[in-house]
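Reading through the structure tokens given below for one structure.
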Amino acid sequence: MNIDLLLLTILLACSLWAVLTRSLLMSAIALASVSIILTLLMFRLDAPIAAVFELSVCAGLITVIFVSTISLTKPITRVELKQQTKARIKRYWYLPVIVFALAGLLGFFMVFPEVPSLAALPDLDVKDVLWKLRQTDILGQIVIILAGVFGVVVLLKEKMNHDGE
Amino acid sequence: MMVNDSSTLFWVFGIFVVLVAVCGFYCIIVTRNFIRTLIGVELLTKAVTLLIVVCGYVSGRAVISQSLAITVIVVEDVIIAVAAGIVFGIFKNIGSLNVTKMRNLKG
């Protein structure tokens, strides 16, 4: 449990870093580290397949998407950055205060009721659950992925010129 | 804090899930940058994924919660991909990532 607490603390620190850092690129990297810590936690919580998904998709693919979006768009100039720094500090300094105050409140004053345990299930494999018990989920995932692909194709399509090329 | 049974484990994880979700919400509310909004959404979904996995572990149904977590990860991935495309389209139109400059539909 001590390792879990350590990992959770690092997870929270990385999410704070992702929100508070000035550079968008550093923010994307912090998000990838949040994913990596989440993967470790999932491995510890008996969810290895979801952990592998998290590592490959969230830490890999989404970071690539973020970095390519950041590099395709124009970063703000140094002058603009200097102008925005004061306003930015004004807007963001509440977050660490809120997080630490909430952590203190929840940690010291909250009563932890007993979580009811459910009846044991027959031994199921993840593959059985995915392909037999939750087939509709798989269908939904396929539809969502197709919708996403078509959405990205439509959004990133270059405008055709008058000749239709 | 004594941490030795599954109930306490759930609440310890629950507190951190709430804190990460607060970070995500704050990022979405306060920021004026489109990409940072996506980062806030991503943090929120990560908190939800962790909560699903912890619930499965505590209730002894890790297998089912794992399949649900996989679904959440796939949906999150597609949302971010499409939203990144939308952000790029907006940038091509208005030349900025600042939310306050998107006033084309203002009445």
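What follows is calculated from the coordinates using simple rules that are stated; it is not laboratory data. As the structure is a prediction and not an experimental result, all values here were calculated from the model. Using ideal geometry, Cβ is built from the backbone for each residue, glycine included, and neighbour counts are taken over all protein chains shown.
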With point charges of +1 on the Cβ of Lys and Arg and -1 on the Cβ of Asp and Glu, referenced to the Cα centre of the stretch A:2-111, which listed residue (A:Met26, A:Leu38, A:Thr77) lies farthest in the positive direction of the dipole?
A:Thr77
Computed D for chain B, Stokes-Einstein, Kirkwood radius over alpha-carbon pairs, 25 °C, 0.890 mPa s, to the nearest µm² per second, is 155
Using Cβ contacts closer than 10 Å as the measure, can you line up A:Arg78, A:Arg44, B:Arg36 from fewest to most?
A:Arg78, A:Arg44, B:Arg36
For every other residue with a beta carbon closer than 15 angstrom to the beta carbon of A:Phe43, add +1 if it is Lys or Arg and -1 if Asp or Glu, then tell me the sum.
-2
Values of log10 I(q)/I(0), in the order q = 0.09, 0.18, 0.19 Å⁻¹, for chain A under a Debye, Cα-only, solvent-free model:
-0.54, -1.31, -1.33
In degrees, nearest ten, helix B:34-59 long axis to first principal axis of chain B (Cα)
10
At a 10 Å Cβ-Cβ cut-off, how would you order B:Glu76, A:Glu158, A:Glu80, A:Glu54, fewest neighbours first?
A:Glu158, A:Glu80, B:Glu76, A:Glu54
Once both axes come from the Cα atoms, what is the angle between helix B:6-30 and the longest principal axis of chain B, in degrees from 0 to 90, rounded to 10?
10
Rounded to the nearest 20 debye, dipole of chain B from Cβ charges on Lys, Arg, Asp, Glu
640
Summarise the partner chain shielding of A:42-49 as one whole number: the mean count of Cβ atoms from other chains within 10 Å of each residue's Cβ.
6
A:Asp46 and A:Trp93 label points (each 7 Å along its Cα→Cβ direction) are spaced in nm at 4.7
Along the charge dipole of the stretch B:6-101, Cβ charges K/R +1 and D/E -1, which of B:Val48, B:Thr100, B:Val87 sits furthest on the positive end?
B:Thr100
Of A:Leu105, A:Ala51, A:Leu61, which is farthest towards the positive pole of chain A's charge dipole, taken about the Cα centre with +1 and -1 on the beta-carbons of Lys, Arg and Asp, Glu respectively?
A:Leu105
Which angle from 0 to 90°, rounded to the nearest 10, does the C-alpha axis of helix B:62-94 make with the longest principal axis of chain B?
10
Proxy exposure order for B:Arg32, B:Arg61 (fewest C-beta within 10 Å first) is B:Arg32, B:Arg61
How many Lys pairs in the protein assembly as shown lie less than 24 angstrom apart by Cα atoms, where the lysines are 8 or more positions apart or on different chains?
17
